[in-house]
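What follows is a single structure, written as structure tokens, with notes after it.
The values are calculated or read from the model by the stated rules, or taken from the named source; none is laboratory data. Bear in mind the structure is a predicted one, so any value in this text is a computation, not a measurement. Cβ: placed from backbone, ideal geometry, glycine included. Neighbour counts: every protein chain shown. These accessible areas exclude ligands, DNA and RNA; they are computed on the full protein's heavy atoms, side chains included. Shrake-Rupley method; radii C 1.70, N 1.55, O 1.52, S 1.80 Å.
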Amino acid sequence: MTGIPDAGDGTPVSIHEPPIGEGPVERLCKWASEAALITMLVVIGADIFTRYVLNFSFEIADELGGYMLVVMTFVSLSVCQVNNAFHQVELVQARLSPRGRALSAAIFDVLSFGFAALLLWQLIKLERLSYRFGEKAPTYLETPLWIPRLAMAIGVAALLFAIAKTFLAHVRRFRALRPHGS
């Protein structure tokens, strides 16, 4: 007996596998995401107030709200990864042994890492082009687009780091669940 319950009874697998836990990178990403949420709420709240009470608008709430949404979405990816917060296919995982689940998770981590690395590569290319050609948003603020796009690259880079951490944890779990007699 390994001490890890079998999820073949239909219980969600994720409750048997503790999250990896947040390190300094994930905590920084979480704080950045929380700051973006607070910023978005303040900007939108101020715009609502000025629009309905003072009868004017700063005309920037939509733009800044969109940028903050991008920051929250991409920067929170690593936090979700280490806290095991992404959706999983429980139908398949519940039928695997604990060792099979660890192997499955490690394989999924490798595939996820490959996809995220390709995404980061493309985001870096987009970032460089945005900066090189001086692209600006066609809005009142004329925000240089490399600034909000930088959050996407930073978020995916942090995700790559988190995937590497979870991969190592899944490999350790796989090795710890070695069949007896090996």
Fill in the blank from the handout: Pairs returned, first residue in region 27-42 that is under 16 Å from Gly65 (Cβ atoms), second residue that is outside any helix (DSSP H, G or I), beta-carbon separation under 7 angstrom, 6 or more apart or interchain, are Ser33/Ser76
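Among the residues of region 149-167, is there at least one that is out of contact with any strand residue (DSSP E or B) (no Cβ under 8 Å at 6 or more places or on another chain), among the basic types (Lys, Arg) and within 22 Å of Gly65 (Cβ to Cβ)? Outline the logic, then answer.
Here is the first cut: in region 149-167, the ones out of contact with any strand residue (DSSP E or B) (no Cβ under 8 Å at 6 or more places or on another chain) are 149-167.
Retained after the next criterion (residues that are among the basic types (Lys, Arg)): 149, 165.
Adding the requirement that they be within 22 Å of Gly65 (Cβ to Cβ) leaves 149.
Checked region 149-167: at least one residue is out of contact with any strand residue (DSSP E or B) (no Cβ under 8 Å at 6 or more places or on another chain), among the basic types (Lys, Arg) and within 22 Å of Gly65 (Cβ to Cβ).
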Practice task
Restricting attention to region 126-151, report how many residues are within 28 Å of Lys30 (Cβ to Cβ) and in contact with an Asp or Glu (Cβ under 8 Å, 6 or more places away or on another chain).
Solution key: 8
Practice task
May I ask you to list the residues in region 69-120 that are under 26 Å from Gly155 (Cβ atoms), hydroxyl-bearing (Ser, Thr, Tyr) and surrounded by fewer than 17 Cβ atoms within 10 Å (Cβ to Cβ)?
Solution key: Thr73
Fill in the blank from the handout: Flagged pairs (Cβ under 8 angstrom, 6 or more apart or on separate chains; first in region 118-143, without any contact (Cβ under 8 Å) to a residue 40 or more places away in the chain; second open to solvent by 100 Å² or more (accessible area, probe 1.4 Å) and part of a helix (DSSP H, G or I)) are none
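Open to solvent by 60 Å² or more (accessible area, probe 1.4 Å), out of contact with any strand residue (DSSP E or B) (no Cβ under 6 Å at 6 or more places or on another chain), at pLDDT 90 or above and of a type outside the set (Gly, Ala, Ser): is that true of Leu54 in this structure?
The answer is yes for Leu54.
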Practice task
Please identify the pairs in which a residue from region 50-73 that is part of a helix (DSSP H, G or I) has its Cβ atom under 9 Å from the Cβ atom of a residue that is among the basic types (Lys, Arg), counting only partners at least 6 apart or on another chain.
Solution key: Ala61/Arg51; Val70/Arg149
Completion exercise
In the set Val13, Val43, the lone residue that is at pLDDT 90 or above and crowded, with 17+ Cβ neighbours inside 10 Å is Val43
